[in-house]
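S.K.: The following block contains the structure, expressed as structure tokens.
Bear in mind that the values in this text are calculations on the coordinates, not laboratory data. Given the structure is predicted, the values throughout are model-derived calculations rather than measurements. FYI the Cβ positions are ideal-geometry reconstructions off the backbone, even for glycines, and counts take in every protein chain you see.
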Amino acid sequence: MKTRNLLLAACAAALIAGSAAAEAVKVGMITTLSGGGASLGVAIRDGFMLAVKQAGAKDLEVIVEDDQRKPDIAVQLADRMIQSDKVDILTGIVWSNLAMAVVPAATAQGKFYISPNAGPSALAGKGCHKNYFNAAWQNDNLHEAAGAYANQAGYKKSFIMAPNYPAGVDALNGYKRFYKGELAGEVFTKLGQKDYASEIAQIRASGADSVFFFLPGGMGIAFLKQYAQSGVDIPLIGPAFSFDQDILQAVGDAALGVRNTSQWNKDLDNPANKAFVEAFVAEYGRLPSLYASQGYDTANLILSAMAKADVKDADAFRAALEAADFDSVRGAFKFGPNHHPIQNIYVREVIKEGDVYTNKTIGVALENHADAYAKDCKM
């Protein structure tokens, strides 16, 4: 799945009338394309590349590499892209622990990093940087919305669970920040864990009236299947990551009816989203996922900045990114002072349309929501 020097316009470096064409902007995409969580990175890549193809961007070169979900590999790839490939922009990382390994060093070297997914709190607050943007969300946001929804649903005693890594810590902190009830239990699992018998036994004995969990990728598939088989019927709440379009097909009926929170869904009623969903299905033969939508928006953010400024003029390019002058598939959003989105977070419900498991939007959990760490960001 590894791709090097994927040149999107064959003539970008050709000689025209005896002189070299304008130098292409180089984007280095480091994402997970193999092993656990590969579907997330593939979706980000596919959404990103669809936007570039639609734009016919003759001045954009994308270098795609597989980080194998390993921080040391991600660091090696970033160093090579910066030192040898001379990229202008980095993007693509799915996992927060990999982002923490790559982003601070990249931005310290004057490179822009545009995150299509990972948004650890450490990079949103005191560790923010003028060249770091998140085009998706800050890690806590969808979990905060889940806590707000739990209140709306009248839950009073939640059992909460997430993997023990930066995004997992942010998840439970986010839920607790908005949830007004008491906790029946709080558990951190191992990252990559696949057997949840012990945790399900704890849930069964906890007296909980609801379960909030954040288990992205294969972790969520394993948990949902085992939970359904256990006979425990306590309602589940989660962020979109465990109810993503690609994941749902693997989970099946075990996910039906579960409420989850997201800044995007395929049924959001705006022209950009309708066009995106149609184009993605036509290009790839499957419905887009949350991650695909984030890759698509990330590419369009970069393209919108390229239309206004030269990436070599860092101040002008940064201002163009801050303007976010493009039609997002999520509808209206803007960047806060720490370069993280201010946006609506919706409540979705898992349904089945024919033979396809998917989500429908049923409400809004939080409106024009900003993250909790912006106040600590001093750019």
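S.K.: Among (i) 21.4, 68; (ii) 26.3, 89; (iii) 20.3, 76, which is the computed Rg and Dmax of the Cα atoms in Å?
M.R.: Identified label for the calculated read-out: (iii).
S.K.: If you don't mind, another one. Using only Cα atoms and rounding to the nearest 10 degrees, what angle (0 to 90) does helix 271-284 make with the longest principal axis of the chain?
M.R.: Relative to the chain, helix 271-284 is tipped by roughly 80 degrees.
S.K.: Tilt of helix 166-178 relative to the longest C-alpha principal axis of the chain, in degrees (0 to 90, nearest 10)?
M.R.: Between helix and principal axis, roughly 60 degrees.
S.K.: Right, here's the next one. So which residue, out of ALA205, ALA222, ALA99, gets the largest mean-square fluctuation from a GNM of the chain using Cα contacts under 10 Å as springs?
M.R.: Maximum among the listed residues: ALA205.
S.K.: So how strong a dipole does segment 293-357 carry about its Cα centre when Lys and Arg Cβ are +1 and Asp and Glu Cβ are -1, to the nearest 20 debye?
M.R.: With only Lys, Arg, Asp and Glu charged at Cβ, the dipole is about 120 debye.
S.K.: Give the angle, between 0 and 90 degrees and rounded to the nearest 10, that separates the Cα long axis of helix 96-108 from the longest principal axis of the Cα atoms of the chain.
M.R.: Helix 96-108 and the main axis of the chain meet at about 30 degrees.
S.K.: Between ASP67 and residues 5 or more places away or on another chain, which pairs have amide H atoms under 5 Å apart, with H built 1.01 Å from N, and which residues are they?
M.R.: THR31, THR32, LEU33
S.K.: Taking trypsin sites (Lys or Arg not before Pro) as exposed when DSSP calls them loop (any state but H, G, I, E, B) and at most 16 other Cβ atoms lie within 10 Å, what is the longest stretch of the chain free of them, the sites themselves excluded?
M.R.: Answer from the scan: 195-285.
S.K.: Turning to a different aspect of this structure: Quick check: the distance between the Cα centres of segment 175-227 and segment 282-352, to the nearest angstrom?
M.R.: Each part's Cα centre sits 31 Å from the other's.
S.K.: Of VAL27, TYR175, SER242, whose Cα points farthest to the positive end of the dipole of the chain (charges on the beta-carbon: +1 Lys, Arg; -1 Asp, Glu; origin at the Cα centre)?
M.R.: Checked the options; the winner is TYR175.
S.K.: Using the Cα centre as the reference, give the magnitude of the dipole from point charges on the C-beta atoms of the chain (Lys, Arg: +1; Asp, Glu: -1; all else neutral), rounded to the nearest 20 debye.
M.R.: Charge dipole, the chain, about its Cα centre: 440 debye, nearest 20.
S.K.: Run the dipole for segment 25-168 about the Cα centre, Lys and Arg Cβ at +1, Asp and Glu Cβ at -1, nothing else charged, and hand back the magnitude in debye, nearest 20.
M.R.: The dipole magnitude comes to about 280 debye.
S.K.: Could you sort out which of LYS130/LYS312; LYS70/LYS194; LYS26/LYS58; LYS58/LYS86; LYS53/LYS360 sit more than 20 Å apart by Cα distance in this structure?
M.R.: Distance filter (> 20 Å) returns LYS53/LYS360.
S.K.: Based on the alpha-carbon gyration tensor of segment 161-204 and its eigenvalue square roots a ≥ b ≥ c, which shape applies: rounded if a/c is under 1.5, prolate if not and a/b is larger than b/c, or oblate?
M.R.: Oblate shape, in that a/c is at least 1.5 and b/c is the bigger or equal ratio.
S.K.: Pop a pseudo-label 7 angstrom from the Cα along the beta-carbon direction at both ASP85 and ALA316 and give the gap in nm to one decimal.
M.R.: For ASP85 paired with ALA316, the spin-label model returns 2.6 nm.
S.K.: A follow-up question, please. Quick one: work out the % antiparallel among DSSP beta bridges in the chain, nearest 5.
M.R.: So the antiparallel bridges in the chain amount to around 40 percent.
S.K.: With a/c under 1.5 counting as rounded, go ahead and sort segment 299-379 into rounded, prolate or oblate using the C-alpha gyration tensor (a ≥ b ≥ c being the square roots of the eigenvalues; past the cut-off, prolate if a/b is larger than b/c, else oblate).
M.R.: Cα axes put segment 299-379 in the oblate bin.
S.K.: Placing +1 on the Cβ of each Lys and Arg and -1 on the Cβ of each Asp and Glu in the chain, which of MET161, TRP264, ASN151 has its Cα farthest towards the positive end of the resulting dipole?
M.R.: Of the options given, the answer is MET161.
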